[in-house]
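> Dumping the structure here so I can ask a few things about it.
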Amino acid sequence: MPESPLGIGPAGVLTARAITRARTARGFAQRQLAERVSALGRPMTITMLSRIECRQRRCDIDDLIAIAAALGLSPLALLVETS
């Protein structure tokens, strides 16, 4: 029997929210951010990004690094909760 996928934990939820906040603060549509991430060498579709932001897909470390770079942020900025 295949293992069930791991759920999104608290850090994943915070990271998804931080990605959405940073993307919208920069005026990027999901498509624009996905294209920027892909241009950096980490292929990402709008569906992949949407699922990360909606907490339907886990954001792995490679995704996190590329998304942060595409947003002009440190990856740490997407991991730390801000009020």
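> Applying the selection to segment 46-83, what residues are over 17 Å from Thr20 (Cβ atoms), touching a Lys or Arg at 6+ places or on another chain (Cβ under 9 Å) and not aliphatic (A, V, I, L, M)?
The one that is over 17 Å from Thr20 (Cβ atoms), touching a Lys or Arg at 6+ places or on another chain (Cβ under 9 Å) and not aliphatic (A, V, I, L, M): Asp62.
> Between a residue in segment 39-61 that is within 16 Å of Val13 (Cβ to Cβ) and any residue that is small (Gly, Ala, Ser) and not in a helix (DSSP H, G or I), which pairs come within a Cβ distance under 7 Å, given they are 6 or more apart or on different chains?
none
Every read-out reported here was derived from the displayed coordinates using simple, explicitly stated rules and does not represent laboratory data. Not measured: the values here are computed from a predicted model. Cβ atoms come from the backbone with ideal geometry, glycine included; neighbour counts cover every protein chain shown.
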